[in-house]
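The block underneath contains the structure these notes are about, expressed in structure tokens.
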Amino acid sequence: GAGVSQSPSNKVTEKGKDVELRCDPISGHTALYWYRQRLGQGLEFLIYFQGNSAPDKSGLPSDRFSAERTGESVSTLTIQRTQQEDSAVYLCASSYQHEQFFGPGTRLTVL
Amino acid sequence: AQSVTQLGSHVSVSEGALVLLRCNYSSSVPPYLFWYVQYPNQGLQLLLKYTSAATLVKGINGFEAEFKKSETSFHLTKPSAHMSDAAEYFCAVSDRRSGGSNYKLTFGKGTLLTVNP
């Protein structure tokens, strides 16, 4: 079946602009995670959604970052007033029980 | 808090040689442990996972890993490297709290495996 998809695959933006990244999870997966992978680093947890429960936002690095998910469907990660340090690959994963399935990521470059 | 240490950011082996990628973790509760592989410009693919069953875990592509609680280690091995194994490998730990459903992963910084002909 279809895996996790993310769009766009690449995004180049200017410092100070807002960007929106999209994640389409695997159908039926109730949990969804966002991670950030900066160059030469492992992945950093950003946010977790589980059904209609309150999300775990403990990994969001600043109030410029926000994310939404309605039910068990698509999620969007929004970064406002982008900064150069936001340049990274943003990965989404959907999960069944304890196993996470990752999308291909969105490579964000902030000039 | 959990953490993962991968010793060696870059490992180079010859084709046919043993692959050993090291991972040590710290966790205040019994963990789930994972190895993921990432090929260039792709997402992460699960190689194998430890979830408290057998301590020797076999995964895809001939990889295996052994959970050693006394050493807090979960090293990844493959008896004979293939050119197609060249990729970046990430070890990760998640919190196995009973009753919870948030299995957010804490990752190591990754090990880039190069396979020489």
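Those residues that are assigned to a loop (DSSP other than H, G, I, E, B), surrounded by fewer than 16 Cβ atoms within 10 Å (Cβ to Cβ) and within 14 Å of another protein chain (Cβ to nearest Cβ), I need them from the stretch B:9-35; list them, please. Quick ask: steps written out before the conclusion?
Residues of the stretch B:9-35 that are assigned to a loop (DSSP other than H, G, I, E, B), as a first pass: B:9, B:15-18, B:22-23, B:27-30.
Narrowing the set further to residues that are surrounded by fewer than 16 Cβ atoms within 10 Å (Cβ to Cβ) leaves B:9, B:15-18, B:28-30.
Residues satisfying the conditions are B:S9, B:V29, B:P30.
Scan the stretch B:61-74 and tell me whether some residue there is on the phi > 0 side of the Ramachandran plot and touching a residue at least 24 places away in the same chain (Cβ under 8 Å).
From the stretch B:61-74, those on the phi > 0 side of the Ramachandran plot are B:61-62, B:72; that's our starting set.
After this cut, where a residue has to be touching a residue at least 24 places away in the same chain (Cβ under 8 Å) as well, the list is B:61, B:72.
Yes, that holds for at least one residue.
Test A:P61 against the criterion of being out of contact with any His (no Cβ under 9 Å at 6 or more places or on another chain), closer than 23 Å to B:Q6 by Cβ and more than 14 Å from every other protein chain (Cβ to nearest Cβ), and give yes or no. Yes, satisfied. Here is the figure for the stretch B:1-53: residues that are closer than 11 Å to B:A92 by Cβ and without any contact (Cβ under 8 Å) to a residue 24 or more places away in the chain total 2. Could you tell me whether any residue of the stretch A:1-8 is more than 10 Å from chain B (Cβ to nearest Cβ) and either of a type in the set (K, R) or surrounded by 18 or more Cβ atoms within 10 Å (Cβ to Cβ) (or both)? So far as the stretch A:1-8 goes, no, none of its residues is more than 10 Å from chain B (Cβ to nearest Cβ) and either of a type in the set (K, R) or surrounded by 18 or more Cβ atoms within 10 Å (Cβ to Cβ) (or both). Can you say whether B:L48 is crowded, with 17+ Cβ neighbours inside 10 Å and either modelled with pLDDT of 95 or more or within 13 Å of chain A (Cβ to nearest Cβ) (or both), as far as the supplied structure shows? Yes, satisfied. Of the set (1) over 17 Å from B:A92 (Cα atoms); (2) more than 9 Å from chain B (Cβ to nearest Cβ), all apply to A:S53 but (2).
The values are calculated or read from the model by the stated rules, or taken from the named source; none is laboratory data. As the structure is a computational prediction, the values presented were derived from the model and not from experiment. Cβ coordinates were reconstructed from backbone atoms using ideal geometry, including for glycine residues, and neighbour counts include every protein chain displayed.
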